[in-house]
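Notes follow the structure.
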């Protein structure tokens, strides 16, 4: 099963590299927040792939915590960019 | 460790180094804080690759969530105090 | 069982192809608003397809995977909307092909 999951893993890594490119070159902080959001969602897929390959269900809990906290970071950063009061 | 986990670990490690370099060379504070949070998030994925899920959960909660939230909260408070 | 596993791997492959398209959109799109479109909508579809594929491969993890999918369906459109509003209020310019800007015409501040 590990070998059959190699194709989705490689495609997910390609997506990760493209999103990280945008994070590095992004001209504005808003572009970097967008890239941050996309990268964390792609990383959730990477965590699910890791759980499938190693066959341990507890990795999915890490994916859940990860999704929750990255969402919080994106919201706080966007509120700061917006310039209004909290 | 299978091939997929090895490749995932390599990509994550390279992305961690790249995000740390971005945090060092950027002029914008928002970008620096975001890049530091990204290093923590990648570190938690890397801990999962290294088969330590509880360490990964703690890293995601403290390193990414609490630190990023605290930085942006304090920066917003400082800006509002400066406007007065 | 083997049919279910093959179906799951195929679904995961389709989902990761959508993720790669989202990454390509993040790289190639001309301005911030179109990048928000690519970076949140396409990744939502790709991740949910990948979660469905994982549920087909490992049927005993369905509850946790459904929880993650539900959570992504709640949070990702919300972060998309908050990001677009923050970019608009911060004065990020749109690309030159943009014809209408309904949020700028909204005088009463309803949105």
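Every number in this text was worked out from the coordinates using simple rules, so none of it is lab data. If you're wondering where the values come from, they're calculated on a predicted model, not measured in any experiment. Because the Cβ atoms are built from the backbone with ideal geometry, glycine has one as well, and the counts that use them run over all protein chains shown.
Brief remarks on what is shown
- Rounded if a/c under 1.5, otherwise prolate or oblate - region C:2-93, Cα gyration tensor axes: oblate
- Cβ-Cβ distance of residue B:28 and residue C:67, R₀ of 30 Å, FRET efficiency by 1/(1 + (r/R0)^6): the value works out to about 0.25.
- By the count of other C-beta atoms within 10 Å, a proxy for reagent exposure, A:42, B:78, B:62, A:81 are ordered fewest to most as B:78, B:62, A:81, A:42.
- Note on residue C:105 and residue C:1: the extension gain reaches 31.8 nm, defined as 0.36 nm multiplied by sequence separation minus the Cα-Cα distance.
- Pairwise Cα inverse-distance average, inverted: Kirkwood Rh of chain A (Å): 14.2 Å
- Normalised by the number of residues in chain C, the average gap of Cα pairs under 8 Å and 6 or more apart makes the relative contact order 31 percent.
- Normalised convex hull volume, region B:3-83, alpha-carbon set, Å³ per residue: 67 Å³
- Taking the C-alpha atoms only, the angle from helix B:29-49 to the longest principal axis of chain B is near 20 degrees.
- Calculated FRET value between residue C:96 and residue B:77, using beta carbons and R₀ = 30 Å, to 0.05: 0.20
- Cα centroid separation, region A:56-86 to region C:1-32 (Å): 22 Å
- Nitroxide proxy distance, nm - points 7 Å out along Cα→Cβ at residue A:10 and residue B:54: 3.8 nm
- With a Förster radius of 30 Å applied to the beta-carbon distance between residue C:85 and residue A:56, the computed FRET efficiency rounds to 0.15.
- With helices as the sole contributors, chain A gives -28500 deg cm²/dmol at 222 nm; each DSSP H run of n ≥ 4 counts as -39500 (n - 2.57), and the sum is divided by every residue.
- For chain B, the longest principal axis of the alpha carbon atoms and the long axis of helix B:67-83 meet at an angle near 10°.
- Label-point separation in nm, residue C:14 to residue B:62, each point 7 Å along Cα→Cβ: 4.3 nm
- Centre separation in Å (Cα based) which lies between region C:44-111 and region B:25-75: 21 Å
- Column: log10 I(q)/I(0), Debye, Cα scatterers of the protein assembly as shown, q = 0.07, 0.14, 0.15 Å⁻¹: -0.25, -0.94, -1.07
- Angle between chain C longest axis and helix C:62-89 axis [Cα atoms, degrees, rounded to 10]: 10 degrees
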